[in-house]
Every structure is written in structure tokens, then in C-alpha cells.
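The values are calculated or read from the model by the stated rules, or taken from the named source; none is laboratory data. Values in this document were obtained by computation on a predicted structure and should not be read as measured data. Because the Cβ atoms are built from the backbone with ideal geometry, glycine has one as well, and the counts that use them run over all protein chains shown.
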Amino acid sequence: MSNIVIDIAAEFTGKKAFKQAETASDKLSNGVKSLAKTLGAAFGAQQILAYGKAAVKAAAEDEKAQKQLALALKNVGLGRDAATSEGFIQKLEKEFGILDDNLRPAYQQLAVATRDTAESQKLLQLALDISASTGKDLGSVTSALSKAFLGNNTALSKLGVGISKADLKAKSFQEITAELSKTFAGSATQSANTFQGSIDKLSVASNNAKEIIGQGLIAALQGLSEEEGINDLTDDIENFATEVSKAIQAVGLLLGLLKSAPELLAKTGGPIFKLPKAFTGAIFDLEKLSKFTAVGALSGLFDFLQKPVSGDSTAAGLAHLAELEAKYAASALKGGKKLTAEELKQLKAKQLKLAIDKANLALGKGSNVFDMEKIQLAAAEKSAAEQLGKVTSQAQLLQITNDLARLEVKQSILALEEAIASQDVAAITAATNKLNADLKIVGALTGQELKLRDIEKILKDLLPKDLINLANLNEAIRLLGVIGAGTGNTMATHAAPILGDPNKSPTGIPGSSPVLIPSIYAFGQRPNQGGGYDFFDPEKVGMFSAGSSGTKGTTVVVNVTAGTVANPEQLTTMIQDAVISLNKRGDLLTYAGSL
Amino acid sequence: MPVEVKGVIALRKALNAYAPDLAKQLTVEITQSLKVIQKSARGFVPSSAPGNLYNWDRQPSAEPKAFNTSGRVRPFPRYDATVIKRGIVYRTGYGKPNSKGFRSLFRVRNKSAAGAIYETAGRKNPNGDPASKSNNPNAGARFVQQGPLYGSKKAGQDMRGRVIYRAWAQDEGKQLKAIFDAIDKTDKAFKARIASGQVKGAA
């Protein structure tokens, strides 16, 4: 494919080799972490149990493979080389990162075929190279080499190792292996030095660690259980994990118990159910301690805390606790009874004091409304009203009723005072209630009186104002007469202003001189130079001549000469135009053509 | 050489994760610019084989299985304007890193074989190659005679051609600027969203 392309923009993201190295490093890191994670990730029984099982299983299988290899070598007469062979396998495992689980069967197969330790090791080394180079699994290569050693080259030809069938037929096994060694020399080493090889080595190390841990577990559990069988050991592992889990929970429970210990001590007033002894019995359980030491001890503590508190070791503690509780309950009950009697006496005193207080309060209220003079007055009015036979108004009836209620209040007050003097709570209470009821009635009546007063005030406000009455009219006529009949130039005295009370008649005309208000007297008067006022004089305005008494005040002729806005001709023209226009168009009152 | 930028891949990943609408908008705007180059480049493809290149577009009666003996097994690509135009494509997705660690962000490609020939013929031997084993050793010179190579050649990259390189050279960076403007605009819009708290899940 052509690569004609325009890369418009590019971003540097790192070289591929760097990426590979980073990825490989990550894998290595993850591989290293995985072992630690597997061991310490979960502080729980399941993970520990699972890993323990896997470790024991791995160790057992490794042991089994070792024994099988040793047995196979022994059967072919190589028993004395078993240790050497095992060491060789361990060396290859570490060098090339191939699990001994794969190496042992291969070595065993070659050993069985060659019956020679040196030849087996040489062929195993060659098989590793071929496997690394061709990608074939080690078992297939080893099988082909074993068969070729025994004269069957078919399997070898199928491996595709670059040897023709003719060569396979013509050449001896030694020559063929020599050629193969030359062809694939260093392949396994080269492969082991790659990143993948490093990871494989790490994996091998991890598996070896697992096997070592498993071996340790087997040895430990064998010693603890004094039994040899693997099945029993796995059961013990489960028990171990369970005990570890219990131990962890026991720590939490113990902390919680210690936190609540002060409260329990304070409540019971002493040590609670002999805890130290129970703890001692649990923690230093020799049987559990011999098995799992501290873990077993904590687990035992957990069992102790989880069990119902009914065992022999806690029976005394329980009895003590029950005894304390019973004592406390009896004491509390007994004390409660005494307190009730005292409280009853105090309660009675309180009730009496409360009743007296309430009575005093009612008396205080009663004194506010008690007035003997009013009562006597009311009684007099009542008597007068009865004599009259009927009341004259609702307000009077209300007032009489109010006074009667006050008399009832007075009677209730007297009754209450007598009850207080007798120290009878029931009587005091009853008298107090009656007094309060009477006071309520008085209060209600007082409210009614106030309402009536309010209504009266409102009605007065609603009445129309008497602005014009007969007195005002008479006074106005009198003043007009004074004005019209005046002959002097000045008023000797001034009338009082008609202000203030409209129903009051003016006084002092003539008389004293009140303050004048010029606007009032402007009608028909003129102010003079002396500060006074002159009455209206027609002669001064030229309405008639002075001294003509025959016409004075009888006839006034007024001639008015008024001009027009237009001369007569123009006015005539305007009238004519108006008539013509009216005749043509008409108006609101005259239709067109009517003129 | 392509323009080296930084952070575009991260930006587009963030957009895809937290603002898909902005990611789509950015892709649309980039596509518009790339389409301009694509359309221009397709316009430079002759409808028939250039002159003096006899029988390039003619289908022989007996098509040879291979046009040389160097292991190539397919026939020599015939000139077909339709195929060449169809082969001028653009891509907006970032590809795999090359040997130097660069990842292409946006690109225009002339991917047909005939198009590649017409695009680049005459680059190496503008005067022909007498030592060539081809049936037409002077093909390079004939191509150059038909039309010059547009673009520039710099150390490490020869960006001379007759189709997409010509379109890119004649654009004079307008679309490149438009693409970067679109990226900047989207970047600002995305940051504004983050600042306003409209982007959920973004720190």
C-alpha cells in the first residue's frame, strides 16, 4: 500500500521501545506486588485459607514430583544421581524461568530413554533451546528427542527444526543433536534474558515461594496435629484460618468490652462477673495455646465472648451480678415507697398553698371591682326603678344589673374569706371558683356598658351639624338692616364677628369694639383714611347728585354705550351670510332650506 | 513535516468522556477543513491518463499476473480517475505511533496505487532512470513533462506531488489554521464548562 499522506498534525506520545519497556516494567512490578498482595491484601480468613491451601497443594505436588523423579531414576539405575538431577533442574528453573513442574517430567522422560544422567542433562538443555526457538512446548520437544534417541526420527522431523528427512535418515543421533545444538545454541538463554523471561523467572520465584510456604505449613501443621495425612492437614489449615478470623474479631470485641467496662463498674458498684478470672481462663487456655499460641489465645477469647454466659467458670460471676441487681432493685423499691409518703405530705401542703394563692389572686381581682358606694347607689337606683315599675332605658337596666353582679361578688368574697379561715381546701376551691365566675359576669357586664357608651358616642357623631338655625338667620337679617339703614360715614362700633358657635347670637352691636376683619365688612363699605370704614354712598360714585333728596334712593338710571366688533355694514353682511349658510346647510335645530 | 502539537489527544479523550457534543463539534469542524483539501485534490486528478503515457489506462487483453519479477504478484495498477478520486480520503482519528513516537492526528491520504503513481512519479528520477528494469525507464521524465511536482522537499520528508500535495501547497495553510482555531475554540469551551461546573465528573 502506498503511503502518500499528509499528516496535518502529529503529537509525540513516546517511542514504541519506551512503551514496551514501560509495559514490561509494569508487568514486573505487578508480578512482584502480586505476591505481597496475595499474602497481605485481605486480613481475612478466606484469603489466608485460600493461599494456605494453594501453598500446601503446591508443596505437596512438588514433593510428589520429586519423589516420582527419584523413583524413576532409581528404577533406571540412576538412583544415586537423584540429588544431582534435582539440583540440575533447580538450576535450570532459576536460569531460564521454567517451572520445575515442567522440567521434571521432561528430565524423567529423557532419563528413562537414555539411562544416562549426563546425556539426559545435555538433551534437556538442547530441548530447552529448541523449545525457546521454535515455540514448541518443552514436553513435545523432549518427547521427540527421546524418540529420536531411540531411533524414531519422525517426531523430530515434525518439529520443523530444519533437518531434512534425508539427513535424519543418514545421520546418527549424535550428529543430529550436534547440528541441532549448533542451530539453536543460546536460544534458551536469549529467551530468558528478555522481558518475558524476567517475568517467567519472577513467576517461578513466586511459585517457589508458595511451595516453600506450603512446605512450612505442612511441617508446622504436621507437628501440631501429630498426623501425617495431607487431608487432615488441609482440615487443620481450615481450622487455622478459622481461628485467625476469630482472633481478629476477638480483638474488636475486647476493645469494645474495655470501652464499656467503666460503665458496667459504675452500674454494679464493683467488679463485673469476675472478669479477670474468666479472661485468664480464656487467654491462657493451654490446649489452644499449644496449638496456635497467640492466635489460639485470641480465638479462645472469642469463643469465650461468643458463648452464652452460663459456663462453670462464669456461674459465680452471674450469681454475683444477679445478687447485686436484686439488691439494687429492692433498695430502689423500698426507697421509692418512703419517698412517696413524704411526697404525699408535701403534695398536700403544696395543694393547700396553691389553693390559697389562687384565692388571694381572686380576692385581688375582687377588690378591683368592689366599691360599696356604687353598690349602695345601685341599690337606690334599683329601688327607684322598681318603684317606677320599669326602667327607662337599656343603659339604666345594664347599670342596675352590673351593680347586682357586684353585690354577688361581694358575697362570694365573704364566703371565700370564711373558707380560708376554716383551712378547708374544698371549700376554698369552691368559693374561689364561685368568685371567679362572678367576676367573669361583672367583667362581661362592664364590657356591655363600655359597648353602650361607645354606641352613644357614635350616634352623637352621626347626628347632623346644626349649621343654620333660626338665631343665625335673625342675626343675618339684623345685620343686613344695619347695613341698609346706615347713614353715617362710619360705624361707631363694630359688630362682633359671627364666628365660633353658630348657634350663638352676636352681641355688642353697638357696643365694645372687637377686632375687625376687613373682609367681613367689605360688602357695602369702603375703608377710609382714618382706619375705619365708610358705608356705601351712591353720590360718591355719581349715581345721583348730592342734595337731590327727591330721587335719592329711588331710581337709578344706567346708560351703557357698547360698541360692536364690526361696523353695521359688516354686521349686516355677516348676518346675511349666516342666513344663507343656514338656508343651505341647516343646523341642529333648522333643516336646510327651511328659511 | 507535520506540525507537532501537544495535548490534542488528551483533549479529545477528555471531550469524548465528559463533553461528547464538543467532541462531535470539533470533529465536524476539522472535517470541514479536510474536505476542502480533499475536494481540491480530487480536482487535480485528470479524467484520463496524462499524455505520452500510452496505454496506462487501457485494459490489455492479457493482463500479466505481475508487473515485475521482484515478488509482486498483482498487475500494474491501471489509471482510473474514479478509483484515484475515491482513494483520496481524510481521517480524523489519531493513529498508531510511528517509529519516532509520533501519532498522526489528522491526515489526508492518496491511498490508491494509481493515484500514488500519479502523485509522486518523477520525484526520484525526474529525468528518467536508464538503469531501471521497467518497460518504460523514462517514465519519470515523461511524468515531469506532463506536469510539475508541487510542494516542497525538506530534510526527512518529501512533500511534492500532483494531487493531495498540490492541494495542500495551494491552500497555503488556511485549513491548518482553521483546524487549530477549532481546537483552540473547543478547548476554551471545554475549560469554560469545567469552570462553570457543567461538566460532571471532571475534577
* Structure fact -> Expected single match for out of contact with any Cys (no Cβ under 7 Å at 6 or more places or on another chain), part of a helix (DSSP H, G or I) and surrounded by fewer than 19 Cβ atoms within 10 Å (Cβ to Cβ) among A:Ala144, A:Ala113, A:Ala118, A:Ala132 is A:Ala118
* For the range A:400-415, state whether one or more residues are under 14 Å from A:Asp357 (Cα atoms), in contact (Cβ under 8 Å) with a residue 24 or more places away in the chain and in a helix (DSSP H, G or I). => no
* **Subset of the range B:77-96 [within 13 Å of chain A (Cβ to nearest Cβ) and either touching a His at 6+ places or on another chain (Cβ under 9 Å) or not in a loop (DSSP other than H, G, I, E, B) (or both)]** => B:Val83, B:Ile84, B:Ile88, B:Val89, B:Tyr90, B:Arg91
* To do: Among the residues of the range A:64-99, write down those that are in contact (Cβ under 8 Å) with a residue 40 or more places away in the chain, closer than 15 Å to A:Ser131 by Cβ and not β-branched (Val, Ile, Thr).
  => A:Glu93, A:Glu95, A:Phe96, A:Gly97, A:Leu99
* Under the condition of being crowded, with 16+ Cβ neighbours inside 10 Å and assigned to a loop (DSSP other than H, G, I, E, B), which residue from the range B:1-21 is nearest to the other protein chains (Cβ to nearest Cβ)? -> B:Pro2
* To do: Of the conditions (1) exposed (fewer than 12 other Cβ atoms within 10 Å of the Cβ); (2) more than 13 Å from every other protein chain (Cβ to nearest Cβ), B:Lys24 clears all except one; give me its number.
  => (1)
* Evaluate the range B:20-28: report whether one residue or more is of a type in the set (Val, Ile, Thr), in contact with a Phe, Trp or Tyr (Cβ under 7 Å, 6 or more places away or on another chain) and within 30 Å of B:Ala192 (Cβ to Cβ). => no
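Quick grid of which residues meet (1) in a loop (DSSP other than H, G, I, E, B); (2) under 18 Å from A:Lys94 (Cβ atoms); (3) modelled with pLDDT of 75 or more:
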position	(1), (2), (3)
A:Glu175	no, no, yes
A:Leu202	no, yes, no
A:Ile218	no, no, no
A:Gly223	no, no, no
A:Thr242	no, no, no
* Residue satisfying condition, being in contact (Cβ under 8 Å) with a residue 40 or more places away in the chain and surrounded by fewer than 19 Cβ atoms within 10 Å (Cβ to Cβ), within set A:Ser181, A:Ser172 -> A:Ser181
* To do: Select from the range A:2-18 the residues that are facing chain B (nearest Cβ under 7 Å) and at pLDDT below 80 and list them in ascending order.
  => A:Ser2, A:Thr13, A:Gly14, A:Lys15, A:Lys16
* Residues located in the range B:145-173, provided they are away from every other protein chain (no Cβ under 12 Å) and part of a helix (DSSP H, G or I) -> B:Gln145, B:Gln146, B:Gln170
* To do: Hey, can you tell me all the residues within the range B:97-132 that are without any contact (Cβ under 8 Å) to a residue 24 or more places away in the chain, farther than 22 Å from B:Ala41 by Cβ and within 9 Å of another protein chain (Cβ to nearest Cβ)?
  => B:Pro97, B:Asn98, B:Ser99, B:Lys100, B:Gly101
* Asked: How about the range B:129-144: which of its residues are touching a Phe, Trp or Tyr at 6+ places or on another chain (Cβ under 9 Å) and either in a helix (DSSP H, G or I) or of a type in the set (Val, Ile, Thr) (or both)?
  -> B:Phe143
* Only one of B:Asn127, B:Asn98 is among the polar types (S, T, N, Q) and at pLDDT below 85; which? -> B:Asn98
* Asked: Within the range B:148-182, can you find the residues that are in contact with a Lys or Arg (Cβ under 6 Å, 6 or more places away or on another chain) and small (Gly, Ala, Ser)?
  -> B:Gly151
